[in-house]
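S.K.: Below: one structure in structure tokens.
Just so it is clear, none of the values below were taken in a lab; they were calculated from the coordinates. Predicted model only: the values in this text are computed from it and were never measured. FYI the Cβ positions are ideal-geometry reconstructions off the backbone, even for glycines, and counts take in every protein chain you see.
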Amino acid sequence: MTTTPTTPTPAGSSLREALQATDHRRRRTDRIMRGLIIAAFVLAMIPLLSLSWTVVSRGIGRLDSYFLLNSMRGVFGGMDAGGIYHAIVGTLEITLFAALISVPIGIMAAIYLVEYGAGKPLAKLVTFLVDVMTGIPSIVAGLFAYALFALLLGPGAKFGAIGSVALSVLMIPVVIRSSEEMLRLVPNELREASLALGVPRWLTIVKVVLRTSVAGLTTGVMLAIARVIGETAPLLLTVGVVDSINFNLFEGRMMTLPVYVYRQYAQGLVPCTEGDASCIADINLQRAWAAALTLFLIVMVLNLIGRLVTRFFAPKIR
Amino acid sequence: MAQRIDVKDLNIYYGAFKAVEDVNMTIEPRSVTAFIGPSGCGKSTFLRTLNRMHEVIPGARVEGTVAVEGVDLYGAEIDPVAVRRQVGMVFQRPNPFPTMSIAENVLAGVRLNNRRISKGDANDLVEASLRGANLWNEVKDRLDRPGSGLSGGQQQRLCIARAIAVKPQVLLMDEPCSALDPISTLAIEDLIAELKSEYTIVIVTHNMQQAARVSERTAFFNIAGTGQPGKLIEIDDTATMFSSPKEQATEDYISGRFG
Amino acid sequence: MTSTQPRTAGPTEPVKPGATARRLRSGHGDRGGSRVFRWVATGAGVLILLILAAVAVFLIQRAWPALTADSADLSDAVSWFPDDTSLLGFVGPLIFGTLLAAAVSLLIATPIAIGIALFTSHYAPRKLANALGYVVDLLAAIPSVVYGLWGGLVLSPIVQPVWEFLNQYLGWIPFFGGVVSPTGRVMMTVAVVLAVMILPIITAICREVFLQTPRLHEEAALALGATQWEVVRMAVLPFARSGIVSAAMLGLGRALGETMAVLMILSPGFLYSFRLLEAGQQQTIAANIAAQFPEANQTGVATLIATGLALFIITLAVNMAARAIVARRKDFSGAN
């Protein structure tokens, strides 16, 4: 222990110095990095706050029952009229139909992965493909749905169900991921207890595994719906735009909320003639903000309900 | 290079829970002091207050004084980072940094304070520290290989080398052999016997034979029941503690009647 | 299904001990029910495989006319298809624009995401950290069209002076050179919005990995007299390196495919240009599809689907690489 480059041993009162001696360079680095890390967080909050604030403050003015209960039929120019009823109808129908397709497939596939597939090559492949599917860009999903129906019905078909198929491609992997996670949380003891009572495998899954994890599955589905309900690009490609109400998923174009937002935004300012009081130049943007606020609220409520379901209805198994 | 430690009226808390109560003891320089006692009696918690590692757990705090040569480690002017430099620590499970080579592991602490250490000095320090930890002959040909490739006992000696490379005053060891096989344990015990000529060593152990073999002084901690704070029952020369302890509880524990 | 038989044999009740005896008697039928159920579940798994295969097949099938067509025919049939270029020459700048947007947004997002993740995993008190993690998750919940609206109407005018400033003082860097757009609807603004959008996913993964850092290694650093930042540098970051890389790759995958924010903010161009502050320079594949598709004719659609195929392949490669890194990391940390 003789070849030491460090300072000689402090003794007695010099120990006090050693204990008090903070290396200023190191302490400064520590403080700077702490500052940067906190700054990173604050920086990320700025867009969130700015976005929430503008959406609410610019959208609230036009968001009333008239806006919610009227379509854009017969609305043109800078008219102080028009609403999103047709878009709400379209969004609800298309998203629910997408959920109708995705949830059974997603949950069954998750059951396969957790209950039957463990360790099998097919299950590994499926897990991998689900990962891949999670990464499919939404616009590609739209193209796929378009191509599929072009093959079945000839090119140019545009109606709600095609949009639902496109959304399903995006939704299925999300449902599988979250369901898989929830099913894995069910303790094996419960399954074994049920099987030991002579309950067949499939009833064990339905009555024990699914029942135990129903809250978690619901949350997963809610969050998946929240994720796809704001999708714009695939619907733009497959469902198109329309100004009037269409309840039929299988015929004719439909309007949806996100596409409505985009459409109003894209139309931009209206050229009003000087002194025309009935013409509002930025009416399209006002409608875009109000529709964006509606969409924003729907997504937030879905998220909130999803989390609350887990919090209040989850069985206490951990 | 070794200092006396005086502990006065020390209470240790985790949030509202008092984990250790009213400890008073003196730890002699250039000797080995062993802490024994049943699980959960607070001996490891107490050990971690000696280099202010206790307070990194959220909500943990300490009342009382821990003085090294009269300097209170919990004084207002004291920098906990500097304290941990002066009071080194070796943990229950060997924990070399997995992404660093053997040599880098030894130098890890030194580089914090002295980034521009010359290559020659660095090599000398690596050799001196590894020799000090009885590891040099086993690893001198593979200093640039990852530390995680060594055996458990070698890893633990690497951790000791890393701790003594920064020239601490005191070396704390928290059950350093509990994860090791008997041969490696023996190697560590031999090392402790050599190190005590230069360092004040405090070791927590579950193994009473080990306490008897390596230590000059032994402190017995006990706990009245779950939820109660741990207490120092008695501290004395190891020979006295194992032959004629003053307290009944100590005798019961040492003779294996509980714990 | 035969499984309903035992129900009718006794009083209706859920599965409980009483049912066991009946189940045993009718054991054979139940196995049939079990088998059907297993088939259905397996079928759902196989369906995933089929869907993915179908995506690839249909895209290729629809893109085929464009892939095989003569470039002269393409420019005749499609109004926005440039003359004297092959399909590759058309897709090239789009791929370039897509990669550029994703890369710049990643460059902005990754350090911030690492900062936020460190803040929530190692700096903030536990309770606060959970609440903050939730807030960051909210960023992921906001629909992309709302981001686009905000980026186009709110952010662009705000950042435009900043871009002026960058151009004036750092204009010698190619990225900041050229003529600054007076509207702020440029690639740099797009990249900022994309960065905000991919921030949550990168943050979430980084945070997870940081929290997995072995306590042993952090304590080893602390006991050597490391400050908090030095603990992060010695123990946390080396441990998390591959996790950070794969998080960034997943973020990249998201940014590559994002449509609306680009479509609503960027004033597009079809150049191989690095000028982030000038208008009319670049365009991404996804935004180009969304912009042209509704009005495109047969050949136009085929051309757009061909570009979509390119996007699909790029994102597939990026995501697979990210997953491969994650998987290797799992093997590695399993040994620990």
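S.K.: Under 16 Å from a point 7 Å along the Cα-to-Cβ line of residue A:46: which residues of region C:115-140 have their amide N that close?
M.R.: C:115-116, by backbone N distance to the label point.
S.K.: Using only the alpha carbons of chain B, determine the length spanned along each of the three principal axes and report them from longest to shortest in whole angstroms.
M.R.: That works out to 55, 43, 29 Å along the principal axes.
S.K.: Same structure again: If you count, for each residue, the other Cβ atoms within 10 Å and average over each peptide, how do C:320-326, C:286-292 line up from highest to lowest?
M.R.: For the peptides C:320-326, C:286-292, the packing ranking is C:286-292, C:320-326.
S.K.: Stick to Cα atoms and the Kirkwood definition of Rh, then tell me Rg/Rh for chain A.
M.R.: Ratio of gyration radius to Kirkwood radius for chain A: 1.18.
S.K.: Along the charge dipole of region B:57-100, which of B:97, B:75, B:60 sits closest to the positive end, that is, farthest toward it, with unit charges on the beta carbon of Lys, Arg, Asp and Glu (+1, +1, -1, -1)?
M.R.: B:97
S.K.: Further question on the same structure: Just the Cα atoms of region A:56-170, one point each, no solvent: what log10 I(q)/I(0) does Debye give at q = 0.09, 0.13, 0.14 Å⁻¹?
M.R.: -0.42, -0.74, -0.81
S.K.: Right, here's the next one. What length, rounded to one decimal in nm, is gained on full extension from residue A:193 through to residue A:152, with 0.36 nm per residue of separation minus their alpha-carbon distance?
M.R.: That works out to 9.9 nm of additional length.
S.K.: Projected area of region B:85-179, taken from the Cα convex hull and averaged over every viewing direction, in nm²? Write out the running numbers ahead of the final one.
M.R.: Values: hull surface 22.2 nm².
The orientation-averaged projected area of the Cα hull of region B:85-179 comes to 5.6 nm².
S.K.: So, one more: Considering the zone a paramagnetic label at residue B:179 would reach in this model (a point 7 Å from Cα along the Cα-to-Cβ line), which residues of region B:105-129 have amide N under 20 Å from it?
M.R.: B:105-109
S.K.: How well do other chains shield peptide B:219-228, expressed as the mean number of their Cβ atoms within 10 Å of each residue Cβ?
M.R.: Mean number of neighbouring Cβ atoms from other chains: 0.
S.K.: Show me B:3-16, B:243-256, C:106-119 ranked by packing, highest mean number of other Cβ atoms within 10 Å first.
M.R.: The densest-packed peptide leads the list: C:106-119, B:3-16, B:243-256.
S.K.: Quick one, can you get me the convex hull of the C-alpha atoms of chain C expressed as volume per residue in Å³?
M.R.: 238 Å³
S.K.: Enter the mean number of other protein chain beta carbons within 10 Å of the beta carbon of each residue in A:262-272, as an integer.
M.R.: The per-residue average across the peptide is 2.
S.K.: Give me D for region B:169-233 in µm² s⁻¹, whole number, from Stokes-Einstein with Rh from the Kirkwood sum over alpha-carbon pairs, 10 °C and 1.306 mPa s.
M.R.: Value of D from the Cα-based Kirkwood radius: 121 µm²/s.
S.K.: Counting helices only, and only those DSSP H runs with n ≥ 4, report the 222 nm mean residue ellipticity of the protein assembly as shown as the sum of -39,500 (n - 2.57) divided by its residues, in deg cm²/dmol to the nearest 500.
M.R.: Numbers: 37 runs with 540 residues, N = 913.
Rounded to the nearest 500, it is -19000 deg cm²/dmol.
S.K.: Could you work out the percent of alpha carbon pairs in region B:82-139 separated by over 12 Å, rounded to a whole number?
M.R.: Value for region B:82-139: 72 percent of Cα pairs lie more than 12 Å apart.
S.K.: Viscosity 0.692 mPa s, temperature 37 °C: what is the translational diffusion coefficient of the protein assembly as shown from Stokes-Einstein with a Kirkwood Rh over Cα pairs, rounded to a whole number of µm²/s?
M.R.: 102 µm²/s
S.K.: Additional query: What is the distance, in nm, between label points placed 7 Å from the Cα along the Cα-to-Cβ direction at residue B:243 and at residue C:83?
M.R.: 11.1 nm
S.K.: To continue, here is another question. Count the net charge of all other residues whose Cβ sits under 12 Å from the Cβ of residue A:116, scoring Lys and Arg as +1 and Asp and Glu as -1. Don't jump to the answer; show the numbers that get you there.
M.R.: Values: positive: A:120, A:201, C:35, C:38; negative: A:115.
For residues surrounding residue A:116, the net value is +3.
S.K.: Note down the magnitude of the dipole of region C:82-334 about its Cα centre, charges +1 on Lys and Arg C-beta and -1 on Asp and Glu C-beta and zero elsewhere, to the nearest 20 debye.
M.R.: For this selection, approximately 740 debye.
S.K.: Using +1 at the C-beta of Lys and Arg and -1 at the C-beta of Asp and Glu, which of A:281, A:90, A:221 has the Cα lying farthest in the positive direction of the dipole of chain A?
M.R.: Of A:281, A:90, A:221, it is A:221.
S.K.: To the nearest 20 debye, what charge dipole does the protein assembly as shown have about its Cα centre, counting +1 at the Cβ of each Lys and Arg and -1 at the Cβ of each Asp and Glu?
M.R.: It works out to roughly 1800 debye.
S.K.: Using a Förster distance of 22 Å, how high is the FRET efficiency between residue C:168 and residue A:32, based on the Cβ-Cβ distance and rounded to 0.05? Provide the component values of the computation, followed by the final result.
M.R.: Numbers: r = 28 Å, r/R0 = 1.27.
Calculated transfer efficiency: 0.20.
S.K.: Taking the Cα centre of region A:51-128 as the origin and placing charges on Cβ (Lys, Arg +1; Asp, Glu -1), which of A:117, A:70, A:53 is farthest toward the positive end of the dipole?
M.R.: Working it through, the farthest residue towards the positive pole turns out to be A:117.
S.K.: Just checking the output field for A:111-120: average partner chain Cβ neighbours within 10 Å of each residue's Cβ?
M.R.: Counting other chains' Cβ atoms within 10 Å and averaging over A:111-120 gives 4.
S.K.: Just the number, please: Stokes-Einstein D of region C:67-121 in µm²/s, Kirkwood Rh from C-alpha pairs, 37 °C, 0.692 mPa s.
M.R.: The Stokes-Einstein estimate is 234 µm²/s.
S.K.: What number in nm² do you get for region A:217-318 if you take the convex hull of its Cα atoms and divide its surface by four?
M.R.: Hull-based average projected area comes out at 9.2 nm².
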